[in-house]
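Structure, as structure tokens:
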Amino acid sequence: MIRHPIDVASRVSPALSALLESRVNDPDCEQPVTLVAVRHFLANLLPTALREAEQMHHFDVSESLLDELDSLIEEFGRSALAVDFVQVNVSEQMSRVIEAVVNDENRKNPPTLAAVKDAIDTGLGARLVGEGGLDEDEDDTLVSEIETLIEHFGADTLAEGLLRYE
């Protein structure tokens, strides 16, 4: 899998990200889903008259998504995987875990997702429950969430960049 040198998902609108995610997670879609496949899907949702008009004029929300897809396809290529452009937001619970690892005074280097996973595997979730930082049922999904983040971004990604502030 090609890793882009920039966070390409940050350049995608929330509406397009949601569309890309729905196509990536659709079991009926041929995998892997590319930007071109999503563009064809979206264009085929338009009535024929609008599809023809879309070639010349861009005037609707759907067309603006098509314009956005066209720009991404032009920049990243026809074979770019849609999953790379899906915005990933960590849960509030994962943000608390990441903050705990970031604020660890014994840590010499900024923590990566792999370091956060190690902390979870060695009981950080249970410790945060004991300290009142997490509710008892909130640590149940931490392992699956960190594994998903590692799969999406890579184990060496700095964890602090994924913090969710509210």
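Numbers at a glance
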| item | result |
| --- | --- |
| Sole residue being under 14 Å from Asp70 (Cβ atoms) and either basic (Lys, Arg) or modelled with pLDDT of 90 or more (or both), chosen from Val12, Val33, Val38 | Val38 |
| Test: Asn89 is part of a loop (DSSP other than H, G, I, E, B), in contact (Cβ under 8 Å) with a residue 60 or more places away in the chain and loosely packed, with under 15 Cβ neighbours inside 10 Å | yes |
| Count - residues of the stretch 152-166 that are farther than 19 Å from Asp104 by Cβ and at pLDDT 85 or above | 1 |
| Helices (runs of 4 or more DSSP H) wholly inside the stretch 92-151 containing at least 2 residues that are at negative phi and among the polar types (S, T, N, Q) | 92-102 |
| Filter pass, Val24 being outside the structural domain of Gly154 (by TED's automatic domain parsing), in contact with a helix residue (DSSP H, G or I) (Cβ under 8 Å, 6 or more places away or on another chain), under 25 Å from Asp156 (Cα atoms) and modelled with pLDDT of 85 or more | yes |
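The values are calculated or read from the model by the stated rules, or taken from the named source; none is laboratory data. Keep in mind that what you see is a predicted model, and the values were worked out from it rather than measured. When we count neighbours, we look across all protein chains shown, and the Cβ atoms used for this are built from the backbone with ideal geometry, even at glycine.
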